[in-house]
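Read-outs throughout are calculated quantities, based only on the coordinates presented, and are distinct from any laboratory measurement. Not measured: the values here are computed from a predicted model. Positions of Cβ are backbone-derived with ideal geometry, glycine not excepted, and every protein chain shown enters the neighbour counts.
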Amino acid sequence: MPLDVVWIRDGRVAGIATLQPCSSAPCPHEASPGPVDAILEAPAGTFGSAAPGSVVDVGSVPD
């Protein structure tokens with residue numbers, strides 16, 4: 001399944017990529033655009049309106 005990957009730094013989108021399933025070795029990889037605080041993955045197309053600089057609010061996560 002293709003995935004959207006969003007790299008997050010300081011509560012904002014630092015970068016976005018759509019990753020395709022790997023069908024041969026070695027699998028390609030996508031590097032982050034720099035230091036990040038978090039990575040969010042979801043089915044491809046989920047973050048269609050997001051762009052670098054967009055604010056990210058994922059709420060609080062329980063311990």
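Overview of results
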item	result
Hits in the stretch 15-53 - residues which are polar (S, T, N, Q) and at positive phi	none
Considering residues of the stretch 20-55 that are in contact with a Gly (Cβ under 7 Å, 6 or more places away or on another chain) and not aliphatic (A, V, I, L, M) only, the residue nearest to Val5 (Cα to Cα)	Ser32
